[in-house]
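Here is the structure we will look at, set down as structure tokens.
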Amino acid sequence: MTQTQTLRVDGMTCASCTARVERMLSREEGVTGVRANLMTGTVAIDGAAEPRRVAEKLAAAGFSAAEDTTRLSIAGMTCASCVARVERVLARVPGVEGASVNLADESATIRHFAVAGLPDRLAEAVKAAGYEARVVTETSRDDLAARREADQRQLKRAVILAAVLTLPVFILEMGGHAVPAFHHWLHGTFGQTPVWVLQFLLTTAVMVGPGWRFFRAGVPALLHGGPDMNSLVVLGSTAAWGFSTVATFAPGLLPEGARAVYFEAAAMIVTLILLGRWLEARAKGRTGAAIQRLVGLQAKTARRERAGLVEDVPIAEIAVGDLLQLRPGERVAVDGTIATGHSWLDESMISGEPVPVEKGPGDVVTAGTVNGQGVLTYRAERVGGDTLLAQIIRMVEEAQGAKLPIQAAVDRVTRVFVPVVMGIAALTVLVWLVVGPAPALSHALVAGVAVLIIACPCAMGLATPTSIMVGTGRGAEMGVLFRRGDALQALQGVQVVAFDKTGTLTEGRPALVALHPASGWDGDAALALAAAAEAGSEHPIAGAILRAAEEKGLVRPEAEGAEARAGFGLTAVVEGRRVLIGAARLMAAEGVALGDLPALAEDHAGRGQTPLYMAVDGALAALIVVADRVKPSSRAAIAALHGLGVEVAMITGDAQATARAIAAELGIDRVVAEVLPAGKVEAVESLRDGGRRVAFVGDGINDAPALAAADVGLAIGTGTDVAVEAAEVVLMSGDLKGVVNAIDLSRRVLRNIRQNLFWAFAYNTALIPVAAGVLYPAFGLQLSPVLGAGAMALSSIFVLSNALRLRGVRPVLGG
């Protein structure tokens, strides 16, 4: 049967494009048929075509193969070796460009070409490797949470059953060592063999009952050449159980001095590691609590008004344009615009701002926010996965699934960790068989099992992702969204933070503060002409001029031919007269004499205000002065950044005098002024002197290139979609305290990760040799496998508990 792959292609705009794509791809080796569809933007390829090769061919011809991201929920992963194995399996699927597996939330994020049916094939590949996998969708999150809760309950039952079965074994064996009289009574009354047989039965029940999960996962991994932590548990517990079984039922096969049983070690290993797994599962649930809280903000139903009737409908049935009712105390179901009513809405869960926001007709409402006392009707504008809340959840999930550069060294170690541990265990047994004290076989067995059991790849696998999960989740609660996980690591090393001025350091809503007419001009007449020229502009300064004219009740004539000149100003024709409004450089370019107004302009600029000149038909008409209020949080944010040891810069198109005045008022260290919009990237580069790392904070469309060029771009969430898309970090509230909180949080998360990694590596580096018996010759100390199992379980719990401390991070600057 011929294999057909359907790939989404960007850039096909006409029938000639489809014909060209078909001709080009049909010449590829292994391709038997090609059908390009202009309407759907796809190409169906029959035969054995490798998606990456197809993508390269399309790129060479000026088209592009679209990419998608798929998230899988994966059950059955227990350690870093599992993570490495699943990543290898996913990377081998044709069409996959990158895969990142997260042990902490048991998920995989896969970047791949947009091939129809590929997400399901990815899940099948993971299942074939011995794990459970399913594609995560918007509607499947509740199912996943329910499944994880069910897994926790199942683990709890397994722990209780294992403990009930293990306790008698432990008492029978260890009680005799602790109380010799008990040992003599037990063996004198029942005999040694019956006691050992009872231990055998109870231990076997532990291993084939609650402990069977280790065999179900560990044995196939061992047979496929990819041993994991389950394999270590299987080998260790089976070695102890097998040796003890031989000693019980066929003692003649063993030297007389080596006839001892270690059933309590096998049973305790399984029980303690199950206990560790259960505690780990509970802790993992808490690491993802922020996501669950965000998901919990989504309303399940909404009251829809249609044809005069109001009915409760599921969220999935709401369409764009529907009119919805919102009663007091209810959550907003989807993003929309208020049609009628007034109220106060609590938006703290979205923006981190604790103060309710007043809303009325024409205002935007956001899904997940809570209505106050008023009754509102609003029209749905963004539904389903397009709402801001759904986008926030996706952003946080993607950041949590990312791998930081610091993880690369860990991955190299974990790929070989389990095989190396197995090798050390085998070497340990051989060495003690040769040089060990009598009975050498028993001593060698105990040391070998202790090495297998104490080794903990789990801690290494959990060290980074748990901290990222908790840190990014806490960031979301504080109104700081990391769109990419690696921004966490990049931001903590930032040495310079550069701010765009308008709309970032200032309110972005300037007001007219003065108008000085030139000789022969009336102030109101000049303002009316200026308002007419600026009527079609969306620049904040235009808004200031228009509002001033409206407040004075001036009649605004019609303008035509308005043209914005980026970085200079604006030209327009009003009632047949050519009007220029802009900076001194516009007047110089047009040859307009400025007379004695520059002295006034310099005085205003020295007070942090922005002077603009207006000329009519080539002659100076007025000096227009506007001022943009500094945001209340700007001073505190800059002071806090200085407290973190970060230098602060400002990039602005304002004149030097204006920029210096604002910088002096705010305590800014460096100013790059008179920058044209196209020059912001160059300004960012100029701040990198000496190889310093620069973060840029902006909110406008013209900030997007600088956001992308900086080491880390931080976009004000109240800004434009273009700026948000170009940034790695989004500050939801539009308040600059978010910049400080983001840097502080990133430093705390990286410090937490380093602590976890130190513990994981130090634990294994120190205790594996101890388990192997390096202290025995000097001190006579030999680690028991039971203590090894306890230590191994606790190592993972330590890493998770340390990461959970990040939930308590408080904002440097509060709301």
Among the residues listed as 566, 498, the single one being within 39 Å of the chain's Cα centre (by Cα), touching a residue at least 40 places away in the same chain (Cβ under 8 Å) and open to solvent by 60 Å² or more (accessible area, probe 1.4 Å): 566
Select from region 1-41 the residues that are β-branched (Val, Ile, Thr), open to solvent by less than 60 Å² (accessible area, probe 1.4 Å) and assigned to a strand (DSSP E or B) and write down the one among them that is nearest to residue 67 (Cα to Cα). 9
Return the only residue of 419, 405, 439 being open to solvent by 40 Å² or more (accessible area, probe 1.4 Å), touching a residue at least 12 places away in the same chain (Cβ under 8 Å) and touching an Asp or Glu at 6+ places or on another chain (Cβ under 7 Å). 405
How about region 629-659: which of its residues are at pLDDT 80 or above, open to solvent by less than 50 Å² (accessible area, probe 1.4 Å), in a loop (DSSP other than H, G, I, E, B) and out of contact with any Leu (no Cβ under 8 Å at 6 or more places or on another chain)? 644, 646, 652
Would you check which residues across region 42-56 are outside any strand (DSSP E or B) and crowded, with 17+ Cβ neighbours inside 10 Å and list them? 49, 51, 54, 55
Considering only region 583-591, I want to know if a residue exists there that is surrounded by 19 or more Cβ atoms within 10 Å (Cβ to Cβ), under 24 Å from residue 519 (Cβ atoms) and without any contact (Cβ under 8 Å) to a residue 60 or more places away in the chain. yes
Scan region 184-208 for residues that are open to solvent by 30 Å² or more (accessible area, probe 1.4 Å) and closer than 17 Å to residue 240 by Cβ and report the count. 8
Looking only at region 691-703, which residues are open to solvent by 10 Å² or more (accessible area, probe 1.4 Å) and touching a helix residue (DSSP H, G or I) at 6+ places or on another chain (Cβ under 9 Å)? 693, 699, 700, 701, 702
Any helices (runs of 4 or more DSSP H) falling wholly within region 356-467 and containing at least 2 residues that are more than 28 Å from the chain's Cα centre (by Cα): 407-435, 440-454
Hey, could you check region 375-388 for residues that are within 9 Å of residue 335 (Cα to Cα) and among the aliphatic types (A, V, I, L, M) and say which is least open to solvent (accessible area, probe 1.4 Å)? 380
Do we find that residue 781 is without any contact (Cβ under 8 Å) to a residue 40 or more places away in the chain and assigned to a loop (DSSP other than H, G, I, E, B) in this structure? yes
Answer with yes or no whether residue 372 is surrounded by fewer than 23 Cβ atoms within 10 Å (Cβ to Cβ), of a type in the set (Gly, Ala, Ser) and at pLDDT 85 or above. yes
Filter pass, residue 751 being closer than 22 Å to residue 641 by Cα, assigned to a helix (DSSP H, G or I), touching a residue at least 60 places away in the same chain (Cβ under 8 Å) and open to solvent by 30 Å² or more (accessible area, probe 1.4 Å): no
Is there a residue being modelled with pLDDT under 85, closer than 24 Å to residue 406 by Cα, open to solvent by 10 Å² or more (accessible area, probe 1.4 Å) and part of a helix (DSSP H, G or I) anywhere in region 704-715? yes
With the requirement that a residue be of a type in the set (A, V, I, L, M, F, W, C) and either crowded, with 18+ Cβ neighbours inside 10 Å or modelled with pLDDT of 75 or more (or both), what does region 273-294 give you? 273, 274, 275, 278, 279, 281, 283, 290, 291, 294
Selection status of residue 265, over 34 Å from the mean Cα position of the chain (by Cα) and either of a type in the set (Val, Ile, Thr) or crowded, with 17+ Cβ neighbours inside 10 Å (or both): yes
Of all residues in region 660-690 being among the β-branched types (Val, Ile, Thr) and part of a helix (DSSP H, G or I), which is surrounded by the fewest Cβ atoms within 10 Å (Cβ to Cβ)? 681
Candidate set: region 330-344, residues that are open to solvent by 60 Å² or more (accessible area, probe 1.4 Å) and either part of a loop (DSSP other than H, G, I, E, B) or aromatic (Phe, Trp, Tyr) (or both); chosen: the one nearest to residue 379 (Cα to Cα): 342
Would you call residue 181 surrounded by fewer than 14 Cβ atoms within 10 Å (Cβ to Cβ) and either at pLDDT 85 or above or of a type in the set (A, V, I, L, M) (or both)? yes
Is at least one residue of region 795-808 crowded, with 20+ Cβ neighbours inside 10 Å, closer than 23 Å to residue 263 by Cβ and touching a Cys at 6+ places or on another chain (Cβ under 6 Å)? no
May I ask you to list pairs of residues, at least six apart or on different chains, whose Cβ atoms are under 8 Å apart, with the first in region 524-548 being free of Cβ contacts under 8 Å to residues at least 60 places away in the same chain and charged (D, E, K, R) and the second being open to solvent by 30 Å² or more (accessible area, probe 1.4 Å) and assigned to a helix (DSSP H, G or I)? 534/541
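The values are calculated or read from the model by the stated rules, or taken from the named source; none is laboratory data. It should be emphasised that the depicted structure is a prediction, and the values quoted were computed from it without experimental measurement. Positions of Cβ are generated from backbone atoms using ideal geometry, with glycine treated the same way; all protein chains shown enter the neighbour counts. Calculation scope for accessible area: heavy atoms of the full protein, side chains included, ligands and nucleic acids excluded. Shrake-Rupley method; radii C 1.70, N 1.55, O 1.52, S 1.80 Å.
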